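Worksheet: the structure to be examined is printed underneath.
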Amino acid sequence: KMTAQNKPRMTVAEFIPWAMAQSRARYELVGGEVVAQASERARHNLSKAAVYKALDKAVKKAGLPCTVFTDGMTVKIDEYTAREPDAAVQCGAKVDLDSVILDAPIIVVEVVSPSSERDDTTSKLAEYFSVPSIQHYLIIDPFRPALVHHMRQAGGDLRTQIHASGLIRLDPPGLELNVADALAGA
């Protein structure tokens, strides 16, 4: 009989096909453990749609060779952790249309909800910046509304700014995001 202490951890390589075979719910893999994602409210869904549209508009305006993704794409943190941000941007790399894993995301976005705020602002912050390609982590708080912009600095340190309006520069890849557009779903 197996107990919780000796239960084997699932790897990302094992998790992806398992998650794809599930019919309805969405999952993340955290430290080898499968974590079901909570159902989302309309506010969360509209906020995700708004930030996706704002990022897509900014990428097109800048004429960048980047692809903007909605939730459903996976960011591999390490062998035992895979996250599914609410939106992401990947530049330069040709998109494998059959893949569920982003090769080199440069921007990741989470929209906080009452059930996710602690993880979004603590553990995911450290996890996302452990991925070398990620330069920006945007947290949308639809309840305030505010956009929290964590960015990697030249020496590897992080800088954080909180915005309620205006334009923010995401460099790399070299685009300007309209904060009001990104918060339109709130």
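P(r) for region 68-186, please, calculated from all Cα pair distances in 5 Å bins and given in %.
Result returned by the calculation: 2, 11, 23, 25, 21, 13, 4, 0.
Rounded to the nearest 0.05, what FRET efficiency is calculated for F143 and I101 with R0 set to 35 Å and r the Cβ-Cβ distance? Don't skip to the end; give the middle numbers.
Values: r = 31 Å, r/R0 = 0.88.
So, using R0 = 35 Å, E works out to roughly 0.70.
With the Cα gyration tensor of region 117-176 giving a ≥ b ≥ c as the square roots of its eigenvalues, does the rule (a/c under 1.5 for rounded; else a/b larger than b/c for prolate; else oblate) give rounded, prolate or oblate?
Details: a/c = 2.21, a/b = 1.12, b/c = 1.97.
Oblate, because a/c is 1.5 or more while a/b does not exceed b/c.
Given a cut-off of under 8 Å on Cα pairs at least six residues apart, what relative contact order in percent is computed for region 1-94? All intermediate terms of the calculation are to be shown ahead of the outcome.
Working: 115 pairs, mean separation 26.9, N = 94.
Relative contact order of region 1-94: 29 percent.
Measuring from centroid to centroid over Cα atoms, what is the spacing of region 126-186 and region 1-78 in Å?
Using only Cα atoms to place each centre, the spacing works out to 18 Å.
Leaving out ligands and nucleic acids, and using a 1.4 Å probe, what accessible area per residue does the chain come to in Å²?
On the way: 9920 Å² over 186 residues.
That works out to 53 Å² for each residue.
State the percent of C-alpha pairs, over all pairs in region 1-160, separated by a distance greater than 19 angstrom. Show your work: numbers first, answer last.
On the way: 7162 of 12720 pairs.
That tail contains 56 percent of the Cα-Cα pairs.
Excluding ligands and nucleic acids, what accessible area in Å² is computed for Y52 using a 1.4 Å probe, to the nearest 10?
Accessible surface of Y52 is approximately 70 Å².
Around A58, with a cut-off of 9 angstrom between Cβ atoms, what is the net charge of the other residues, counting Lys and Arg +1 and Asp and Glu -1? Provide the component values of the computation, followed by the final result.
Numbers: positive: K57, K60, K61; negative: D56, E176, D181.
The answer is 0.
Tell me, what is the percent relative contact order of region 83-186, built from C-alpha pairs under 8 Å that lie six or more residues apart? Kindly include the intermediate steps, with their values, before the conclusion.
On the way: 160 pairs, mean separation 20.1, N = 104.
With pairs under 8 Å counted, the relative contact order is 19 percent.
The values are calculated or read from the model by the stated rules, or taken from the named source; none is laboratory data. Since this is a predicted model, take the numbers as computed values, not measurements. We place every Cβ from the backbone using ideal geometry, glycine too, and count neighbours over all the protein chains shown. SASA here: full protein model, heavy atoms, side chains in, ligands and nucleic acids out. Shrake-Rupley method; radii C 1.70, N 1.55, O 1.52, S 1.80 Å.
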